[in-house]
Amino acid sequence: MSATNIYLFSGNDASRISSEAEKLVLQLVGPEPDPFSCDIIQESEGGTSTQELLRRLLRSLDSPSFMGGQKLVWLKNYGDFGSEPAASAKSKKGTEDPMRELARRIQEGLPADVILVMNGPGIDRRKALAKACDEKGEVRIYNVPDLSRSGGLAEMGRIIRENAAEKGLKLSRGAEDALLEALGGDTSLLDGELEKIRCYMGDDTQAVSRETVQELCAGQAEKQVWALSDALGKQSLNEALTTSANIIALSRNPDSSARGLIYNGVTFFREALKMRLFMAERNLRDANAVKYLLESNPELRKNADRGDVESMHPYRAMVVAGHALKYTPSQMIKAMRILRDALWQCSSSKITPQQALENAILSILN
């Protein structure tokens, strides 16, 4: 590591800015930093103003470590770097803008026993603060990959590989491509998806396959559908209504999306009913037993037809089984009939497909 004691993390990729700053602080002071030598300054629920946060930071830079030795000051997830005044802007009479003062203090040089870490989006590299940090320390910029531009896919691929390596995962080329397809350029979802894969792989050191990623990591459109299925599985009326409304609101064709969600509801209950029959035939009492059976007998999946329970990924089968146990078979059959009637209403009545969907959800879950 370089001998610098000033680090600024910024750009427009808020999730990576935050995670990279956290990694550095973990490296510098460990997982349980001494509160007397580590001052973390961030916005609280009380709604401290951004100006007051900077003033607290400036006061902290003037205060030595309580027990002596090195002190780390971390301006964490600061959200107002974009408000830095231009060099030509005039300050109020008798006062110095705190961000200007911070830039000046950095330019003059901080004490050698103080480490300053700052992270947050929106820094302007043309202005004084970024220039001072660049000259006296390190500025690390993290931007969301633009997949529409040349090199965007390659950049996202590099980010995926680096984050996977940090979790001890080795990705096949197919697995990397599948993650690109599922995530697009959304880096905020990457850590959660890789953690899901890591938990599934366990101690297996083999390269992650494309098939594993496809089973575990749904694309965004599929995730929206799964969100509704999850709400139905949890028998959560409020979540089901909110999720369906959000999906339809974001659609370019609301009526088509509403009809699609009705079909997806039918598929959810059909799969759940199929799972209950599968569990009854094999005397499986809970979702974990389904997962264990499929994991212990991989030949079942190889010989299964598409759509069979045996063809499911063990993790997905466990989730479906958990949802299926929330309903009796007669309730599932009734739910499919309600959804069938909702589809008829879409074409034979004056109510909109969204109203038909919402009425069906109310009938099933209320």
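The values are calculated or read from the model by the stated rules, or taken from the named source; none is laboratory data. Remember, predicted model here, so these are calculated numbers, not experimental data. Note: ideal-geometry Cβ built from the backbone for every residue, glycine included; neighbour counts use all protein chains shown.
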Original post:
When you look at residue 185, is it modelled with pLDDT of 90 or more and either out of contact with any strand residue (DSSP E or B) (no Cβ under 6 Å at 6 or more places or on another chain) or assigned to a loop (DSSP other than H, G, I, E, B) (or both), yes or no?
Top reply: no
Subject >> Number of the condition not met by residue 242 [criteria: (1) touching a Leu at 6+ places or on another chain (Cβ under 8 Å); (2) closer than 19 Å to residue 361 by Cβ; (3) not aliphatic (A, V, I, L, M)] >> reply: (1)
Subject >> Condition met for residue 187 (touching a residue at least 12 places away in the same chain (Cβ under 8 Å) and within 22 Å of residue 147 (Cβ to Cβ)) >> reply: yes
**OP:** Can you give me the ranges of the helices (runs of 4 or more DSSP H) entirely in region 22-141 with at least 3 residues that are in contact with a helix residue (DSSP H, G or I) (Cβ under 7 Å, 6 or more places away or on another chain) and of a type in the set (Gly, Ala, Ser)?
**Re:** none
**OP:** Would you mind telling me which numbered condition in (1) assigned to a loop (DSSP other than H, G, I, E, B); (2) touching a residue at least 60 places away in the same chain (Cβ under 8 Å) residue 159 fails?
**Re:** (1)
Original post:
So which pairs qualify, if the first residue must be in region 54-73 and touching a residue at least 24 places away in the same chain (Cβ under 8 Å), the second must be assigned to a helix (DSSP H, G or I) and of a type in the set (Ser, Thr, Tyr), the Cβ gap must be under 9 Å, and the two must be at least 6 apart or on different chains?
Top reply: 71/60; 73/60
**OP:** Mind listing whichever residues of region 110-123 are of a type outside the set (A, V, I, L, M) and either surrounded by 21 or more Cβ atoms within 10 Å (Cβ to Cβ) or under 27 Å from residue 154 (Cβ atoms) (or both)?
**Re:** 119, 120, 121, 122
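Please work out if residue 267 is among the hydroxyl-bearing types (Ser, Thr, Tyr), part of a helix (DSSP H, G or I), surrounded by 16 or more Cβ atoms within 10 Å (Cβ to Cβ) and free of Cβ contacts under 8 Å to residues at least 40 places away in the same chain.
The answer is no for residue 267.
Here is a list: 205, 242. Which entry is outside any loop (DSSP other than H, G, I, E, B) and β-branched (Val, Ile, Thr)?
242
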Original post:
Restricting region 41-53 to residues that are free of Cβ contacts under 8 Å to residues at least 24 places away in the same chain and either among the polar types (S, T, N, Q) or buried (at least 16 other Cβ atoms within 10 Å of the Cβ) (or both), which is nearest to residue 26 (Cα to Cα)?
Top reply: 44
**OP:** Could you list, in sequence order, all residues of region 324-366 that are farther than 23 Å from residue 275 by Cα, surrounded by 19 or more Cβ atoms within 10 Å (Cβ to Cβ) and of a type in the set (A, V, I, L, M)?
**Re:** 342, 356, 357
**OP:** Mind listing just one residue for me: the one in region 1-28 that is among the polar types (S, T, N, Q) and out of contact with any Leu (no Cβ under 7 Å at 6 or more places or on another chain) and, of those, surrounded by the fewest Cβ atoms within 10 Å (Cβ to Cβ)?
**Re:** 2
**OP:** Within region 282-324, count every residue that is touching a residue at least 40 places away in the same chain (Cβ under 8 Å) and outside any helix (DSSP H, G or I).
**Re:** 1
**OP:** Tally the residues that are farther than 14 Å from residue 336 by Cα and either touching a Lys or Arg at 6+ places or on another chain (Cβ under 9 Å) or at pLDDT below 85 (or both), restricting the search to region 249-266.
**Re:** 10
**OP:** May I ask you to say which residue of 143, 77 is out of contact with any His (no Cβ under 6 Å at 6 or more places or on another chain), among the polar types (S, T, N, Q) and surrounded by 16 or more Cβ atoms within 10 Å (Cβ to Cβ)?
**Re:** 77
